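Worksheet: one structure, shown below.
The values are calculated or read from the model by the stated rules, or taken from the named source; none is laboratory data. These numbers were taken from a predicted model, which means no experiment stands behind them. Positions of Cβ are backbone-derived with ideal geometry, glycine not excepted, and every protein chain shown enters the neighbour counts. Side chains included, ligands, DNA and RNA excluded: accessible areas come from the protein's heavy atoms. Shrake-Rupley method; radii C 1.70, N 1.55, O 1.52, S 1.80 Å.
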Amino acid sequence: MRCAKCGAENPEELKFCEQCAAPFRQRCAKCGFENSPAARFCGECAAPVKSSPGAASPLRPVAGAELPESISQSTADHASAELEGERKTVTMLFADIKGSMDLIEDLDPEEARAIVDPALKLMMEAVQRYGGYVAQSTGDGILALFGAPLAHEDHPQRALYAALRIQQELKRYSDRTRIEGRLPIQARVGANTGEVVVRSITTGEGRTEYVPVGHSTGIAARMQALAPVGSIAATESVRKLCEGYFLFKSLGPTKVKGVSEPVTVYEVTGLGPLRTRLQRAAARGYTKFAGRQREMETMKHAAELAKAGHGQIVAAVGEAGVGKSRLFHEFKATNQFGWMVLEAFSVSHGKATAYLPVIELLHGYFRIATEDDQRTRREKVNGRIVTLDPALEDTRPYLFGLLGLAEGDDPLGRMDAQIRRRRTQDAIKCILQRESLNQPVMLIFEDLLQIDDETQSLLNYLADSIGTSSILLMVNYRPEYSHSWGSKTYYTQLRVDPLGKESADEMLNALLGSDEGVAPLKLFIAEKSEGSPLFMEEIYQALIEEGVLVRNGAVKITRLLSQLKIPATVQAILAARIDRLPGAEKELLQTLAVIGMQFPLALVREVITKPDDELSRKLSDLQLAEFIYEQPAADDVEFTFKHALTQALHRSPLPAEVAGMP
């Protein structure tokens, strides 16, 4: 092998020239393209380049730059053992340091690592913060997965939150290195959402790694290569799922090897105005609110009691997609006159941030805007407290501390953590109770399953103390969440079930019209969604996007629909529930899905070779989790899946040769 730099001849197996130490270009084993020495993926076909000169694998930390594990080894091994060969829709994120070879040129290897390793650590920490999994790391970048090994309902959003954090943290790090007289460190990030098969690979060191296999991975790598330096590039699939939550700028179409049509590339320029699914639904236009008369009447009664000084707690409980948030929205819209309404939204990645929903609620109360500087924010808090009651002056340090408005050294920094926690919660409670003397207060906390421990502690404290206040505390959550307020006389629980046939028909009529030609489609959507308003909306939206439906005044069907592709949003919700199951129950559920929508116990015993007591226990666990139901049968115990979509999704993760798919 001839060195391009000095002309010396070298043996074929070397990675660096023996005479001048210049790195050799790497030939792709798949297509033969010659890649740069630092390449991790082929620039022609996006296949992984097996050995990257200058890449240290595995990365060994240097002093002061310990590299975190993307996921604990025991968790990775557990996930790999359970999920080998599983089909998943995930979001893949590639990030690398631009011009890493130029950065470390003429540096001692240890000096080079001291520059690059902290940048890699920042990338990994950003991924971890939002629940991602670092599948691969090389000398100058990472491949991260969101939605695997564990599924998340919002995996595309998590990936972009992580991407923005990577760029923000690297900018701060680059500013420090520039002061030290070094070249700036900049990264390119690319993201794509698509279906892959995830498989486990055992490395030479006996470690099991969890990696995606599929064309979607190559497209994500291509996005990273196309991203302008210091920015984030994403595909159309990411934009569709994240529009509104983030801001996008089109960079135009580009050809990607293996894709027949040009792929439109988008630059992610920042956060958008939306934070919740309900806000996104509002941006698209709400569908008709159908049913729920009983629930609305119950909330109205609780509001009347609270307004009279008998504080109330109302909890709406139901599975994802049944309309808990929409129920609260409709109640607020028709009953907020004369009330102070304060809302707090939870996000699935927010558990790592103490009081995150409470801070949002207080921003609303003090009318703090995103563009306000620190001085303006302090003035707004001071002015509101003085106007409300000068006697509440002693709450100010705790509110300033919680909202990050303390000047100089935090005066509460040396206070015992438990004392500070209680006094901070006292301050919030005093503000709310004093405000309720002026006008009744409606507090709305969304999705308690996602809240952090400090917010939970505050809610417990408020629940114990609002019984004699003009405060209506409204919360909603999924059945997996539990609390200790159920025995209180001022607590009311609303079970929010899927829509009944009449209400579902009313909603579908609003979506599709009353023309007889769409009657079969209404029946199809009703059967697949089984009364879930969100699922009905998302299926309808997916059919519009796929061109099965066109709306030109009236809705028209353009072609026969023999099979439904589960929308990505619905798929993510269902997959997140599946992945919360223990491995053995998850494996059993997938096997049952292959058998069919309904299955007798005798057939299950033939297919699954487990002792009867163990099998019965696992089936019972799946019933308790409401994945399957037992139903009456003439001569044998028979089970059925609760949702047709659940059965279809449980079947789809299996490879084609297992699931019998074409």
Fraction of accessible area attributable to carbon and sulfur, segment 144-296 (%, probe 1.4 Å): 52 percent
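Using a 10 Å cut-off on Cβ atoms, rank the peptides 379-389, 188-198 from the highest mean neighbour count down. Before the final figure, lay out the partial values.
Details: 379-389: 15.5, 188-198: 24.0.
Output ranking for 379-389, 188-198: 188-198, 379-389.
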Span from the segment 218-297 Cα centroid across to the segment 461-522 one, whole angstrom: 28 Å
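So, R0 is 41 Å and r is the distance between the beta-carbons of residue 197 and residue 550; what FRET efficiency does that work out to, to 0.05?
Taking R0 as 41 Å, the efficiency between residue 197 and residue 550 is 0.75.
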Descending packing, highest mean Cβ count within 10 Å first, for 451-459, 124-132 is 124-132, 451-459
Rounded to the nearest 0.05, what FRET efficiency is calculated for residue 236 and residue 631 with R0 set to 60 Å and r the Cβ-Cβ distance? 0.90
Just subtract the alpha-carbon distance of residue 580 and residue 352 from 0.36 nm times their residue separation and send over the number in nm, one decimal. 80.2 nm
Taking a cut-off of 20 Å between Cα atoms, list the lysines near residue 88, but don't count ones fewer than 8 places away on the same chain. 240, 565, 586
Can you list the lysines whose alpha carbon sits under 21 Å from that of residue 121, skipping same-chain ones fewer than 8 residues off? 98, 171
Heavy atoms of residue 339: accessible area, 1.4 Å probe, square angstrom to 10: 30 Å²
Once ligands and nucleic acids are excluded and a 1.4 Å probe is used, how much of residue 484 is accessible, expressed in Å² to the nearest 10? 90 Å²
7 Å from Cα along Cα→Cβ at both residue 439 and residue 423: what's the point-to-point distance in nm? 3.2 nm
Distance between modelled label sites at residue 171 and residue 510, nm, 7 Å Cα→Cβ extension: 4.1 nm
I need the calculated FRET efficiency for the pair residue 308 and residue 453, taking r as the beta carbon distance and R₀ as 41 Å, to the nearest 0.05. 0.75
So how far apart, in nm, are the two label points at residue 602 and residue 621 if each is 7 Å from Cα heading toward Cβ? 2.8 nm
For residue 257, go through the lysines and keep the ones whose alpha-carbon is under 17 Å away, minus same-chain ones fewer than eight residues off. 30
Counting other Cβ atoms within 10 Å, keep those with at most 13, restrict to DSSP loop, and tell me which trypsin sites (Lys or Arg not before Pro) in segment 566-641 are left. 580
Tell me the trypsin sites (Lys or Arg not before Pro) within segment 191-299 that lie in a loop according to DSSP and have at most 14 other beta-carbon atoms within 10 Å. 207, 255, 288
Charge context of residue 166, other residues only, Cβ under 12 angstrom, K/R +1, D/E -1: +3
Length gained, residue 225-residue 492, 0.36 nm per residue minus C-alpha separation, equals 90.7 nm
Burial-style ranking of 621-628, 260-267, 425-432, average other-beta-carbon count within 10 Å with highest first, yields 425-432, 621-628, 260-267
Environment charge at residue 228 (Cβ cut-off 12 Å; Lys +1, Arg +1, Asp -1, Glu -1): +2
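Fully extended, how many nm does the chain gain between residue 614 and residue 386 (0.36 nm per residue separation, minus their Cα-Cα distance)?
75.6 nm
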Probe 1.4 Å, heavy atoms of protein chains only: per residue, the accessible area of segment 481-607 in Å² is 50 Å²
